[in-house]
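The values are calculated or read from the model by the stated rules, or taken from the named source; none is laboratory data. Bear in mind that the values here come from a model prediction, so they are computed numbers and not experimental data. Cβ sites come from the backbone with ideal geometry, for glycine too, and all protein chains shown count toward neighbours. Heads up: the accessible areas ignore ligands, DNA and RNA and are worked out on the full protein's heavy atoms, side chains in. Shrake-Rupley method; radii C 1.70, N 1.55, O 1.52, S 1.80 Å.
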Amino acid sequence: MKTGQAWRLGMGDMQVLPGPRHRPPMKRPMWIIVLVSLVTVFLICAYMYPPQSSGACYVFSSRGCEVISNWLPPTPAREFTDEEIASRVVIRDILNAPAVQSESSKIAFMFLTRGSLPFEKLWDKFFYGHEDKFSVYVHASKEKPVHVSRHFANRDIHSDQVIWGKISMVDAERRLLAYALQDPANQHFVLLSDSCVPLHNFDYIYNYLMHTNISFVDCFQDPGPHGNGRYSEHMLPEIEKKDFRKGAQWFSVKRQHAVIVMADYLYYSKFRDYCKPGLEGRNCIADEHYLPTFFHIIDPGGIANWSITHVDWSERKWHPKSYKARDITEELLKNITSIDVSVHVTSDEKKEVQRWPCLWNGEQRPCYLFARKFYPEAVDNLLHLFSNYTEI
């Protein structure tokens with residue numbers, strides 16, 4: 001009895017343990033889902049429809065399009081046109097051909113002028129004693145030159161009218177190259193104007209050009225109205241806006257590059273048809289864009305990206321600074337020949353200053369071998385200083 005009673009008491013005194021609780025389902029963090037969805041849609045849209053102006057990029061980042069492009073996968077390479085494939089095959093074979101240089105190798109000095117050359121006496125002094133190392137070619141677009149130096153006599157080529165800013169300027173350059181290439185001894189080709197003068201003696205310039213394997217073509221990217229603002233979409237697909245470049249027309253190229261310029265029709269025709277003053281409200285200057293863009297596309301590592309002809313644009317005018325007789329001093333010429341950094345300024349609102357060292361075979365050297373623009377009246381002062389400043 002006592003046992004049974006004890007059991008009943010024990011059962012009555014036992015506490016009934018609570019059963020498992022049923023929690024209500026958790027609410028999903030919807031704000032995270034919405035945020036991830038918006039970011040995904042943004043990235044997809046940015047990839048499919050990239051910003052067309054730099055201003056649009058700065059809505060998302062103070063560093064502009066560069067940051068956005070770093071997020072995105074690389075754009076698939078487009079398929080080349082038949083014309084591009086043919087052009088690249090020819091260019092590749094020309095570039096792979098071994099350079100032929102010997103003791104008889106010459107520099108072709110190609111003068112692009114309107115008439116007589118006001119500095120022939122100076123050039124005559126420069127050339128004297130080196131007759132087996134150079135050739136001279138003169139393209140006079142307006143009147144037949146009167147020569148005072150034997151080095152220029154009978155060196156005029158067939159010429160045609162040249163209009164500033166139009167493709168006729170490029171045609172004159174190519175015409176000079178065509179004549180100069182007929183001499184197989186010519187291994188380097190320098191384009192000069194009637195206002196150009198040498199800054200060093202002949203041996204210095206000869207060694208500077210002959211003992212390097214690059215061409216000196218001015219080439220930089222200008223996002224402003226006087227750079228990429230001149231680009232026309234009619235140049236697509238062969239020339240994209242990202243490859244459009246600008247530079248001074250005064251080049252110095254090795255023989256392989258001279259041959260490539262003469263062989264080119266594809267890229268030349270794009271600039272002939274779609275780079276001209278007044279086209280689509282733009283003032284595209286063919287001689288400032290054709291060769292820089294062409295070499296940037298076909299052989300960017302083969303050019304130095306600066307011109308060996310000095311021009312002073314510091315006054316920020318439509319035309320560069322010109323030197324009169326009173327400006328010609330030994331200090332001026334020393335200052336020019338001591339410059340060893342190439343400088344370009346963009347034409348957009350930022351006025352970005354682009355600088356890079358002038359490297360010759362990996363060594364920083366003075367940039368300039370020639371200079372312009374000099375008034376004809378400066379010839380006597382230059383002749384007087386020539387023996388001094390060319391030894392620098």
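A compact table of results
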item	result
Within the accessible area of region 129-221 (1.4 Å probe), percent carbon and sulfur	48 percent
Karplus 3J(HN,Hα) series, Hz, for region 154-171 with 6.51 cos²θ - 1.76 cosθ + 1.60 (x for Gly, Pro)	6, 10, 6, 9, 4, 10, 9, 5, 10, 10, 4, x, 9, 5, 4, 5, 5, 4
With DNA, RNA and ligands ignored, accessible area of T337 (1.4 Å probe; Å², nearest 10)	10 Å²
Integer Hz, Karplus 6.51/-1.76/1.60 couplings in order for region 180-193, x for Gly and Pro	5, 5, 5, 9, x, 6, 6, 10, 9, 10, 10, 9, 10, 9
Under the Karplus curve 6.51 cos²θ - 1.76 cosθ + 1.60, θ = phi - 60°, whole-Hz ³J(HN,Hα) for region 84-94, x wherever Gly or Pro sits	5, 4, 4, 5, 5, 5, 5, 4, 4, 5, 5
Placed amide H near E240: partners under 5 Å, 5+ positions off or other chain	none
Centre separation in Å (Cα based) which lies between region 317-348 and region 224-289	26 Å
Calculated over region 82-390: convex hull of Cα atoms, volume per residue (Å³)	133 Å³
Chymotrypsin sites (Phe, Trp or Tyr not before Pro) lying in DSSP loop within region 230-306, provided at most 14 other Cβ fall within 10 Å	Y265
Out-of-range pairs (alpha-carbon distance over 26 Å; input K350/K373; K133/K246; K166/K373; K133/K321; K121/K144)	K350/K373; K133/K246; K133/K321
Aspartates and glutamates whose Cα lies under 20 Å from that of K125, excluding same-chain neighbours fewer than 8 positions away	D156, D194, D203, E330, E377, D380, E391
Amide H contacts under 5 Å for V345, placed H, 5+ residues apart	Q354
5 angstrom amide H check on L279, placed H, neighbours 5+ away	C284
